[in-house]
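Here's the structure, in structure tokens; my notes come after.
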Amino acid sequence: MSTDADTFDYGDTLSRPFWEAAARKELVMQQCATCGNVQFYPRPMCLECRGTDLGWTAVSGDATVYSMTTVHVQIDPDLVPPYVVALVDLDEGPRLLTNIDGDVEIGVRVRVAWRDRDDAPPLPVFEPA
Amino acid sequence: MASALGDRPIYLAGVAETKLGEVHDETEYSMFAKAAIEALDEAGLTLDDVDGLFLNYMGEEGTVQVGEYLGLHNVRYLDSTDSGGSAFELFVHHAMLAVAEGRCDVALIGYASRQRTRRQRTLGDWTARDTYSLGAQFQAPYGLPMPIGHYAMMAARHMHQYGTTSEQLAEIAVAANQWAQRNPKAWRYGKPLTVDDIVTSTMMSDPLHKLDCCLVTDGGAAIVVTNADRAKDARKKAIRVLGAGESQTHWHISQMPDLTVTAGQIAGREAFGMAGITAADVDVFEPYDSFTITVLKALEDLGFCGQGEGGEFVQKGRLGPGGELPSMTSGGGLSYNHPGALGALLLVEAVRQLRGEAGERQVEGAEIGVAHGVGGFMSTAGTVVLARE
């Protein structure tokens, strides 16, 4: 069951387009209109050229695993160990923290998937490509 | 030896540990007060001489509650820098400049915690406590244990990129443990560990095992920074501060530019540059050993070895007693004590080594010592170069 992003408020105007797209299971990132840099998380300025004209663009959801750890301790009632937490580099540039369901290692290709949540918009996670 | 403050030398004139291990019969404030009095006494000074206060993590509003508890009425310089475990190296950096400029003459640095007795440590992602935070949105939902999961991903990347092994990381914990066997105050005194013990201990967050992680104990320290004039009556040898540096990289792990390069690179460059030394000049090294990977990265980023060479460097007992680079000589956070902000105790141990009063664990002829603090999720670093004159 997906949740309407309108009913969930992170109190963060800048990230709102990200979660609105997530509600449709679309992965979007901020893009600088001046230099084209794609960045995450959202900010009011471009990290590359310091321009302030930023829009949103859909990204492929294709990525490469940069690093990962298999967690063997339980810290979250909803996450039962062992599970994988990873940093993945999107083809468009940004690096995301995420979970990966499936057998992976550093350097392998992964693609975005979505985890439904009861109290928040779907969460971008990844799976083997 | 060149120093930017060559004509205004600054000294660590007194150091003391608080009660360590498990402390049931004192508060953090009484622990720190006793250590402060002891450190000031080493320096030939008293609480009434303190006019600069550099501390944090002991109540709200930084220095205020400790200053009140100690009854300080002449404080004219306050610093409650919050950079986690490296704060005390940053405090020395800031205090040396403040004292050199005469903005205060006797700076008291310190900390005390009873996080073991109070069972304060958990592995949950505390960025989620603020439901509006970036961490709550983009990090906490993924269940990365704090801070071990962050360090685990750094270790995993280092292994992937350079072929570093768990056994090599374990050599670091073994070296710390060997030093602890020579320090009766160490938590693991009388409890020797082998590489096999470490790599077969419980896997916490792959590739880091339970024994790749520091202890959780109570404890703390007090350190007195002052000028040559006020240090001349010191009851023990005052140790010169030759240089200091600091830096930061990231808070959220996704924003760390390179998981194999830390803020220690800039902190070390600044500190060594100010002191006019290179890594080859260092006789005793006190790196923050929150995790084994933290030490490996300090060795690389401060230039004791090249990038990616840390795994090979730590083999053959190089960091242990009798090794080429005696490191973590108290037993470190891995085997001595880790009261949360170990950075204060790194300075205490470096001073004792340079005074020649480290007893069974003394590094013979040590003249140059380096304390290297690391805070957060390898987020901050502070490096201090000390010398026996």
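FYI, it's all coordinate maths here, none of it is from the lab. From a predicted model like this one, the values you see are computed outputs, not experimental measurements. A quick note on method: Cβ atoms are made from the backbone with ideal geometry, for glycine too, and the neighbour counts reach across all protein chains shown.
Ranked by how many other Cβ atoms sit within 10 Å of their own Cβ, fewest first, the residues A:Ser67, B:Ser30, B:Ser80 fall in the order B:Ser30, B:Ser80, A:Ser67.
If you take every residue apart from B:Tyr69 with its C-beta less than 12 Å away from the C-beta of B:Tyr69, what net charge results, scoring Lys and Arg +1 and Asp and Glu -1?
Working: positive: B:Lys34; negative: B:Glu28, B:Glu68.
Result for the local shell: -1.
Along the axis of the charge dipole computed for segment B:198-337 (Cβ charges of +1 for Lys and Arg, -1 for Asp and Glu, origin at the Cα centre), the listed residues B:Asn227, B:Gly331, B:Met203 are led at the positive end by B:Asn227.
For A:Trp114, the amide hydrogen comes within under 5 Å of the amide hydrogens of A:Val125, counting only partners 5 or more places away or on other chains and with H modelled in the peptide plane.
Ignoring aspartates and glutamates fewer than eight residues from B:Lys210 along the same chain, the ones with Cα atoms less than 16 angstrom from its Cα are B:Glu167, B:Glu171, B:Asp196, B:Asp197, B:Asp289.
If you take the Cα centroid of segment B:344-389 and the Cα centroid of segment B:118-193, the two points sit 21 Å apart. What separates the Cα centres of segment B:16-72 and segment B:226-251 is a distance of 18 Å. Among B:Asn74, B:Asn183, B:Asn337, determine the one that fluctuates most according to a GNM of chain B built with springs between C-alpha atoms less than 10 Å apart. Greatest mean-square fluctuation among the candidates belongs to B:Asn74.
Just checking the listed ones, B:Ala35, B:Ala95, B:Ala280: in the Gaussian network model of chain B with Cα springs under 10 Å, the one fluctuating most is B:Ala280. Sorting A:Trp19, B:Trp126 by the number of Cβ atoms found within 10 Å of their own Cβ, with the fewest placed first, yields B:Trp126, A:Trp19. Over all other residues within a Cβ to Cβ distance under 9 Å of B:Ala16, the charged ones net out to -3, with Lys and Arg as +1 and Asp and Glu as -1.
Order by neighbour count: B:Glu28, B:Glu38, B:Glu101, B:Glu364, fewest other Cβ atoms within 10 Å first, most last.
Details: B:Glu28 24, B:Glu38 16, B:Glu101 11, B:Glu364 7.
Arranged by neighbour count, lowest to highest, B:Glu28, B:Glu38, B:Glu101, B:Glu364 become B:Glu364, B:Glu101, B:Glu38, B:Glu28.
Would you mind classifying the protein assembly as shown by shape? Square roots of the alpha carbon gyration tensor eigenvalues, ordered a ≥ b ≥ c; an a/c under 1.5 is rounded, otherwise it is prolate if a/b is larger than b/c and oblate if not. Here the protein assembly as shown falls in the prolate category. In the elastic network of chain B, a GNM with C-alpha springs shorter than 10 Å, the most mobile of B:Tyr288, B:Tyr69, B:Tyr29 is B:Tyr69.
I want the local charge near B:Cys104. Using Cβ-Cβ distances under 11 Å, sum +1 for each Lys or Arg and -1 for each Asp or Glu among the other residues.
Net of charged neighbours comes to -2.
To the nearest 0.05, how large is the calculated FRET efficiency for A:Met45 and B:Tyr132 if R₀ is 22 Å and r is the Cβ-Cβ distance? E between A:Met45 and B:Tyr132, to the nearest 0.05, is 0.60. Rounded to the nearest 20, the size of the Cβ-charge dipole of segment A:5-128 about its Cα centre is 300 debye, with Lys and Arg at +1 and Asp and Glu at -1.
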